[in-house]
Structure formats: structure tokens, C-alpha cells
Amino acid sequence: MTTELIDGFLAAIPLPAVLVDQTERFIAVNSGAAALLGQGVKGRHFATILRQPSVATAIEGCLRDREARTARHLSNDGAQDTTFTVTLRYVPGIGAVGGGAVLACFDDITEREQASQMRRDFVGNVSHELRTPLTALIGFIETLRGPARDDAKARDRFLTIMEGEASRMNRLVGDLLSLNRVESEERVRPKEKVDLSGHLASTLKTLAPVAEARGATMTLEAPDDPVFVTGDPDQLQQVFTNLVENAVKYGGDQVRVVLSFTGRDLAVRAPAARVQVIDNGPGIDPVHLPRLTERFYRADSHRSREMGGTGLGLAIVKHIVNRHRGRLRVESELGQGSVFTVILPE
Ligand SMILES: Nc1ncnc2c1ncn2[C@@H]1O[C@H](COP(=O)(O)OP(=O)(O)OP(=O)(O)O)[C@@H](O)[C@H]1O
Ligand SMILES: [Mg+2]
């Protein structure tokens, strides 16, 4: 087979691929492999480039006994560590004096590994979150059956706590279902016209008792004319409720909600409405900001649990905002309060 033909075949393989012949040198390298292993690899000894023992041993073995093999290759694409499964097959009749060569194809399995890690983490997190209230419930049931059997006062107190734990589980399951629903609809664009000023006013009204209990004041600053966006009214209500509730729960005693209309927002490349939820609370340490919208992520987990939070609120907010082709921005500095901004295209 001519070199051009070999190069042509390799170029047609949709994965990074190299050929190593009996001289133990690369005789062909396609563009994907050049991007992965470096330019100018052709003609070099494979062991000077593929230094990880698993791949090097597999190539040696395959050249020797012509048996197929697989190996793992670890790399880094500049942004993150990447993992490849390398499949090795012997191709007879090509290479130096027709002695045959090993074709090595690199399959990037980074995303698959991440997805399965995420799934495991998620199941682990859900189980953990459910177990805490369940353990409490089981404990109280035992106490009510045993020592507190005839103690009416203790019974009332325990039942109140049990109610709290059960509703916490209920909230968690509700949030999980809501996250699931939002995720499955993420590609379906909402169609209704929603008046944001009216919506925000009613959000604040609903949360007034929460704010009052915490001694916080909430104010709404909105233009005189109504601001409309295309959206899903229930989901937008969920977004504002969570952001304002967070500001009241974790933020300070002054929560400002500012609605404005921006002619053309650069981030969403369209005329857009902007809702800012501003608090004067303790703020969020910058180390937490990149992960804040992850499921179950809490900046201050003790405080959040104490407040009955599930840590799913902002994950739901992010998915809803994505569905609306909008943007969520969080700015915060320790001691300076936080600003959560939602930009929604008209
Ligand atoms: N305005 C804020 N100021 C300080 N910390 C905040 C603020 N908003 C959110 N956080 C932090 O971000 C975390 C994640 O918020 P999120 O809304 O996702 O979860 P949660 O409020 O704990 O639970 P849920 O919203 O499901 O009841 C919170 O636990 C809190 O630590
Ligand atoms: Mg919340």
C-alpha cells in the first residue's frame, strides 16, 4: 500500500489515529492524533511520544503477538484533564518490509466518565439529603413508642419536629421533580407574554411573611410602564421566588428588587428585561461563585440546612433561565452583599 493510501485511510478515521510499524516508529499520524500528540510526530519512535506505560506496553505487545488490545491514555486539553481509550489492532502487510503495523485509535471518553461520575454524585447526594430527615423520623417514632409513650407534652413536641422533617423531605422531592421537569423542557421555548412588574409585585407579596419574620424590608423598583417578556409565568415566578427568598434568608435586612428594560443586551443579543435582586448581607465568598448553581451546592451548608434549604433552588433557576435563553449573573463580595441578575430576552 502506498503512503498516500495509508494517509488517506487514516485521515478517514473519525478519531485520532496513528500507525506504528515494526521499526517502532510512527509511519502515519492523522490530524486528530497530531492535535493530541503534537506536530512532527511522524517518523519518531513511539516510546518518545507515548510515555505512559499502559499504552507503550500495549503497542509493544501488539507488535509482537498481533493480538488486539486496549489501553487508557491520559492527557490534558489545556482546560481539563482528558481520558482516552486506545484501541490497538494489527494491520498485516504494511510498514517496513511489509512486516505489518499497529493501528492505534484514541477515543475521548472524558465526557462519558464525567456524566457517570455526575450520576453517581447525584444519587449519593439525594440519598444523603433524604437520609438525614428519615433518620430523625425513625428516631422519633421509636421514642414515641417507647419512653415518650404516655407523655402527652413530649408527644406534641416530637410530632411538630416530625412534621418539619417530613415537610423537608416533601420539599426535596418537589424540588427534584421540578428540576426534572425544567430540564426535560429546556429545549422548548416558552410562548406566553409575561408582565414582569406584576409578577415581581406578587412575588414580594407572597414572601412578605418570610421577610417580616426575619425583620427584612423588601422594595421593588420598576418602570411605570409594564415590562413584558416571552416566558413561562409559573417558572419565572419560581425564579424570582427563589432569588428573593435567598436574599431574605441568607442576605441582609434590606432586599431591593430592581426591574429595568435594556434596549439591546449584549449577552442575549436582543432587547431584554433585567431583574436584579440586591441584598446587603454577608455576601458570598468568591470561591463558591462558580459552583453556586450546581445541585445541592451550598455556600454555607450549615446555615442553609438550618433554614430548610435543599440546595436545589439555584440549579432550578439556572435551568429555567437557560430555557428562556436568558442569563443569570451573580456578583458578590464578602461583607458587601450580593447581586443576582437575571436577563430575559423580550
Ligand atoms: N443572597 C445570598 N447571600 C448569601 N448566600 C446566598 C445567597 N443566595 C444564595 N446563597 C447561598 O447559595 C446556596 C444555594 O442557594 P439555593 O437557592 O440553590 O439553595 P437553598 O436556598 O439552600 O435551598 P432551596 O432554594 O432549595 O430552598 C445557599 O445555600 C446559600 O449558601
Ligand atoms: Mg434557595
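The values are calculated or read from the model by the stated rules, or taken from the named source; none is laboratory data. Since the structure is predicted, the reported quantities are computational estimates derived from the model, not experimental observations. As a convention, Cβ positions derive from the backbone with ideal geometry for all residues, glycine included, and neighbour counts pool all protein chains shown. Accessible surface areas use protein heavy atoms only, side chains included; no ligands, DNA or RNA. Shrake-Rupley method; radii C 1.70, N 1.55, O 1.52, S 1.80 Å.
Scanning the stretch 281-314 for residues that are more than 9 Å from ligand 1 (Cβ to nearest atom) and open to solvent by less than 70 Å² (accessible area, probe 1.4 Å) turns up D285, L289. Within the stretch 269-287, the set of residues being out of contact with any Gly (no Cβ under 8 Å at 6 or more places or on another chain) and within 14 Å of ligand 2 (Cβ to nearest atom) comprises V277, I284.
Taking the criterion of being within 16 Å of ligand 2 (Cβ to nearest atom), acidic (D, E) and touching a residue at least 40 places away in the same chain (Cβ under 8 Å), the only residue of the stretch 299-340 that qualifies is D300.
Among the candidates D150, D121, D156, the residue that is closer than 30 Å to N76 by Cα and modelled with pLDDT under 95 is uniquely D121. Looking only at the stretch 116-137, which residues are within 19 Å of T160 (Cα to Cα), small (G, A, S) and either open to solvent by 50 Å² or more (accessible area, probe 1.4 Å) or outside any helix (DSSP H, G or I) (or both)? Across the stretch 116-137, there are no qualifying residues. Might you check whether a residue that is among the β-branched types (V, I, T), closer than 17 Å to L103 by Cα and open to solvent by less than 30 Å² (accessible area, probe 1.4 Å) occurs anywhere in the stretch 30-42? Within the stretch 30-42 (the criterion being among the β-branched types (V, I, T), closer than 17 Å to L103 by Cα and open to solvent by less than 30 Å² (accessible area, probe 1.4 Å)), the answer is yes, since at least one residue qualifies. For K249, are the conditions met, namely being open to solvent by 20 Å² or more (accessible area, probe 1.4 Å), away from ligand 1 (no atom under 16 Å from the Cβ) and not small (G, A, S)? No; evaluated as a whole, the condition is false for this residue.
Pick from the stretch 315-327 the residues that are open to solvent by less than 60 Å² (accessible area, probe 1.4 Å), in a helix (DSSP H, G or I) and more than 9 Å from ligand 1 (Cβ to nearest atom): which of them is nearest to T132 (Cα to Cα)? The selected residue is H319. Scanning the stretch 279-299 for residues that are out of contact with any helix residue (DSSP H, G or I) (no Cβ under 7 Å at 6 or more places or on another chain) and of a type outside the set (G, A, S) yields N280, P282, I284, D285, P286, V287, H288, L289, P290, R291.
Counting only strands (runs of 3 or more DSSP E) that sit completely within the stretch 44-115, those holding 2 or more residues that are open to solvent by 20 Å² or more (accessible area, probe 1.4 Å), of a type in the set (D, E) and in contact (Cβ under 8 Å) with a residue 24 or more places away in the chain correspond to 101-108.
Is it true that some residue in the stretch 253-262 is within 16 Å of ligand 2 (Cβ to nearest atom) and at positive phi? Checked against the condition, which is being within 16 Å of ligand 2 (Cβ to nearest atom) and at positive phi, the stretch 253-262 yields no hits at all.
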